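Values quoted throughout were computed directly from the atomic coordinates according to the rules given, and no laboratory measurement underlies them. These numbers were taken from a predicted model, which means no experiment stands behind them. Methodologically, a virtual Cβ is constructed for each residue, glycine included, from the backbone with ideal geometry; neighbour enumeration extends over all protein chains shown.
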Amino acid sequence: MRDYYDVVVVGGGIVGVFATLDLALRGASVLLLERRSICSGTSGKSHGMLHSGARYATTDPKAAVECIRENRILSENAPHCIRDVGGIFVSVRDEEEEYHSELVKSCKRAEIPVEELDVGVLRSLEPYVNREARSAILVPDKVIYARDLAFSVMLLAMARGAGVLEGASLERIAVESGQVVGVEGASPDGVFKIGCRGVINAAGPWCGEVASKAGLNVEVIPAAGVMGVANANLTRHIINRMRPPSDGDIIVPYAAGATIAGTTAKLAEDQDRIEAGEEDVEILLQECGEVVPALRSVGFSRLYASVRPLIAKEGEEAGLREITRSFEVIDHAEEGLRGFVTAVGGKLTTGRLIAEKAVDSISQHVGVPRGSFTERVRLEPPSREEALEIEAMLRAGEVEGPIERLFRDALESIDAERQTALTLPLLYAKRLRR
Ligand SMILES: Cc1cc2nc3c(=O)[nH]c(=O)nc-3n(C[C@H](O)[C@H](O)[C@H](O)COP(=O)(O)OP(=O)(O)OC[C@H]3O[C@@H](n4cnc5c(N)ncnc54)[C@H](O)[C@@H]3O)c2cc1C
């Protein structure tokens, strides 16, 4: 690790890793600080869905347009992290059937490809979907393996010279004459001080805490969501309830033997300790079970939870489901601190775009070109040799130190059931140790 970087990125979720890659590709020296491990926050505990935008088309058109655009970009650039299973919206009640035409119109307006699906065809495609289903449409929702994506991004960023420090928590942002001059933090090796010209705050639901280290106020609404994992293959497609966003409206066929039903939404009192319990199970089985009744007899083998970093707008009163899923990039120069940018809100699906806008916002200050390359850069899966290298390492029992933490974090994440989920994280850990 050097003692000076052009930019320090705080937070190793989807926004932070893409910001790190973006800066490295634009020629900046960049260090990523993550207090736990890459993708251990919300990004590693999502619902696993690359949104087509249809979920937001009627209520949040800006977020819908962002989602379909990024859905296309990530499908093209990171095909090894995405499974194109398709998404089906299904109506099972009168009011849902009435919502059908509004949804189709809104999807078309946002340029989201949408196809009517005959209920007879639906029954043959999805035998576990409620036999009373009244109507259905097909949209390009896909499964996304966010941890694979984040580690692929980091491998490329590191190959382009980016530094990364995990287990390192940012404690203070050093300021001189209204300008960022460095950061201070704590890591297992002790306290550290690093000089820098810019800081990107990509700490997701913890953005407010990080901004406070520079004496600034960023209001984030921490909206916790719980998901239930059923150890069964119940659907081929992602199944959405045909209604505006609400609790228990999506079922994702995430991996072999792992179906994820979600989500709930409630205000988190403490974003580091979210309780998931009987009440969540009841909501998820009730609501998701109405579309896929077999879910109720299979039940959940485990629950996991995470927190949405929603944007709090002054004077705006909205329920947790109504707050926009779009994002905001705040250049704090307007409040008198140059070189500090916060990127907050959005979706896993739009993390690349959020990072691009955050880097654009700090580019002039740190002297790198405006205009990102991440839209065009191809991310690679591990080669056969690399996969064999990792397999040999596992067989030899070479798992120690930070690799143990990767295992632990993977087991707490969305990927506990995916057998191949450790290849990219281990490859990354191995490169890091070199
Ligand atoms: C229940 C739920 C389900 C969701 N499902 C989907 C979905 O299916 N599809 C979709 O597109 N979106 C989904 N989302 C939204 C999406 O997951 C988030 O918007 C996105 O992952 C946020 O990424 P991020 O990088 O901003 O934050 P995070 O992934 O939380 O990353 C922030 C990182 O900052 C680190 N950090 C915090 N403080 C510090 C510090 N002081 N120093 C150093 N590091 C620090 C944290 O450890 C963390 O790793 C879901 C959200 C929730 C809550």
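Some observations on this one:
- FRET efficiency for Arg236 and Ser212, using Cβ-Cβ distance with R0 set to 41 Å, rounded to 0.05: 0.35
- Alpha-carbon centroids, the range 296-375 and the range 86-126: separation in whole Å: 29 Å
- For the range 95-159, a crude dipole built from +1 on the beta carbon of Lys and Arg and -1 on the beta carbon of Asp and Glu, taken about the Cα centre, is about 340 debye to the nearest 20.
- Highest average first, the peptides 250-257, 11-18, 96-103 ordered by how many other beta carbon atoms sit within 10 Å of their residues are 11-18, 250-257, 96-103.
- Bridge orientation summary for the chain: considering DSSP beta bridges with both residues in this region, about 70 percent are antiparallel.
- Taking all C-alpha pairs of the range 1-142, those more than 19 Å from each other amount to 63 percent.
- Relative contact order (%) - the chain, alpha-carbon pairs under 8 angstrom, separation at least six: 22 percent
- Helical mean residue ellipticity (222 nm; -39500 (n - 2.57) per DSSP H run of 4+; nearest 500) of the chain: -10000 deg cm²/dmol
- This ranking places Ile88, Ile194, Ile239 by how few other beta-carbon atoms lie within 10 Å of each, fewest first, which gives Ile194, Ile88, Ile239.
- Panel values: the chain, Kirkwood radius from alpha carbon pairs, Stokes-Einstein at 25 °C and 0.890 mPa s, translational diffusion coefficient 111 µm²/s.
- Relative contact order, percent, the range 241-359 [alpha-carbon distance under 8 Å, six or more residues apart]: 18 percent
- Spatially proximal lysines relative to Lys347 (Cα-Cα < 22 Å; intrachain offsets below 8 disregarded): Lys45, Lys62, Lys108, Lys142, Lys266, Lys313, Lys357
- Exposure proxy order (Cβ contacts within 10 Å, fewest to most) of Ser29, Ser326, Ser306: Ser29, Ser326, Ser306
- Computed over the range 57-151: relative contact order in percent, which uses C-alpha pairs under 8 Å that are six or more apart: 41 percent
- Nearest-0.05 FRET efficiency for Arg434 and Ser75, computed from C-beta distance (R0 56 Å): 0.95
- The residues Phe89, Phe300, when put in order of fewest to most other Cβ atoms within 10 Å, stand as Phe300, Phe89.
- Rounded, prolate or oblate (a/c below 1.5 giving rounded, otherwise prolate when a/b exceeds b/c) for the range 262-408 by Cα gyration tensor: oblate
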